[in-house]
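The values are calculated or read from the model by the stated rules, or taken from the named source; none is laboratory data. Values in this document were obtained by computation on a predicted structure and should not be read as measured data. Counting neighbours? That spans all protein chains shown, and the Cβs are built from the backbone with ideal geometry, glycine included. Heavy atoms of the whole protein, side chains included, go into the accessibility calculation; ligands, DNA and RNA do not. Shrake-Rupley method; radii C 1.70, N 1.55, O 1.52, S 1.80 Å.
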Amino acid sequence: MDLLEYQGKRLFARHGLRVSSGKPVATVEDAVAAAEEVGYPVVVKAQVLIGGRGKAGGVKLAADEGALREHAGNILGMDIKGHVVRTLWIEHASDIASEYYASVLLDRSAKKPLVMFSVEGGVDIEEVAEKTPEKLVRHHVDPLVGLTREEALRIARDGGADSDVVEGVADAMVALYEVWIEEDATLAEINPLIVTPERDVRALDSKVSLDGNALFRHPENAGLSDVENQDPIERRANEQGVQYVKLDGDIGILGNGAGLVMSTLDVVAQAGGSPANFLDAGGGSDAEKVKQAVELILENDAVKAVLFNIFGGITRCDEVARGLIAAFQEIEPSVPFVVRLDGTNDAEGRRLLEEAALPNVHAARTMNEAAEKVVKLAAGEPVGSAG
Ligand code: GDP
Ligand code: MN
């Protein structure tokens, strides 16, 4: 779960990391009110879940109300690499003496948290890592101990932080590590971590991803997901506890289990089709769940045909078939469905479907057969008798 810059900064502040004061707004008028509150000069910053906003024109300094109105008007509604700006963060502008970089993430291969620091901040850190790797300090942390202040001081010195701000930088890194561990983040990054002419150390930007699976431990963070910018069908699916990802094609894909759904996407692509979504209904198979999933899929107007792929394990195929039959009695789908049932009680499931003779439902035994059928149906070609 990725956070917007200002949401990440709020978490930073909660853990004692210094940030500038600011306000999120959604209109030019609110931007003006916010600027008066935080004091000119201000920075107008697009709040979108993508980096490189500065280069794209989504970060502008404004010395007075005229400039603020102009920039806020331009940035609201701006499209930054496919992300439309609906929220601005108005922050009191900082004077910058230096731009550093700091981050904490999990190094899976080392099985340890990794703290990174560089005095070459403000720029693309991948570029620093590639061209001048000696300028990027990488330090693994003992997860049982955490990042100690001594370690952080050493990282700051090794990285070449100005000697008068080594302590401030170390404090910032200790706080950043605390954000990462205590908020169950998968990434906590500051780029740039600035040094002001007064020699304050402050986070000017934030990039924080939280582990969605740990959200139950942080009910106060649950509201942070970028619900407004989420696809409405994805949002409903999340609310219903179903995994749904919108794609660009015209074939709806529905299955039980993420692995199965992913391989179904591949098989459909191999058969020349283009998936419209990824819907993992998860375990369970009762009529209500199947109905919800079918409804979600059909809400996307681009869907021309649906492949319903079930591999029965604990989930029994006959139960899924019953669920589907019950669901179809209520919703009468407007597009053809191909149903592939395999695994526990699959023969029984297929028999039930056959008996029900649902209009517009085609049974298939294998994934390849199902994929070929659904691709034809989406193209409006016949595939033989339904049922
Ligand atoms: P990003 O481009 O999405 O990474 O957005 P950032 O928040 O990192 O801002 C991009 C750049 O804008 C920073 O590296 C700074 O150089 C500049 N910038 C942002 N805020 C301020 C500010 O308060 N004062 C000044 N002088 N520059 C700023
Ligand atoms: Mn940045």
With label points set 7 Å from each Cα along the Cα-to-Cβ direction at residue 112 and residue 138, the distance between them in nm comes to 1.2 nm
Return the FRET efficiency for the residue pair residue 209, residue 247: r is the Cβ-Cβ distance, R0 is 30 Å, and the value is rounded to the nearest 0.05.
0.85
Collect residues whose amide H, placed 1.01 Å from N in the peptide plane, falls under 5 Å from the amide H of residue 100; neighbours closer than 5 in sequence don't count.
121, 193, 194, 195
Once ligands and nucleic acids are excluded and a 1.4 Å probe is used, how much of residue 148 is accessible, expressed in Å² to the nearest 10?
40 Å²
Proximal charge balance of residue 349 [Cβ under 12 Å; K/R count +1, D/E count -1]:
-1
Per residue of the range 303-311, in order, report the coupling 6.51 cos²θ - 1.76 cosθ + 1.60 (Karplus, θ = phi - 60°) as ³J(HN,Hα) in whole Hz, putting x for Gly and Pro.
6, 9, 7, 10, 10, 9, 10, 10, 10
Tell me, what is the FRET efficiency for residue 40 and residue 366 to the nearest 0.05, using R0 = 56 angstrom and their Cβ-Cβ distance as r?
0.25
At 1.4 Å probe size, with no ligands or nucleic acids counted, give the accessible surface of residue 209 in Å², nearest ten.
20 Å²
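Going by accessible area, probe 1.4 Å, with all protein chains left in place, what is the ranking of 55, 291, largest first?
Greatest to least solvent exposure: 55, 291.
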Return the carbon/sulfur percentage of the accessible area of the range 296-341, one whole number, probe 1.4 Å, all protein chains in place.
50 percent
The range 97-187: relative contact order as a whole-number percent, Cα under 8 Å and 6+ apart
28 percent
Suppose a student asked you for the relative contact order of the range 20-63, using Cα pairs under 8 Å spaced at least 6 residues apart; what percent would you report?
34 percent
On average, how much area does the Cα convex hull of the chain cover when viewed from any direction, in nm²?
22.3 nm²
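Just to confirm, what accessible area per residue do you get for the chain at 1.4 Å probe, in whole Å²?
46 Å²
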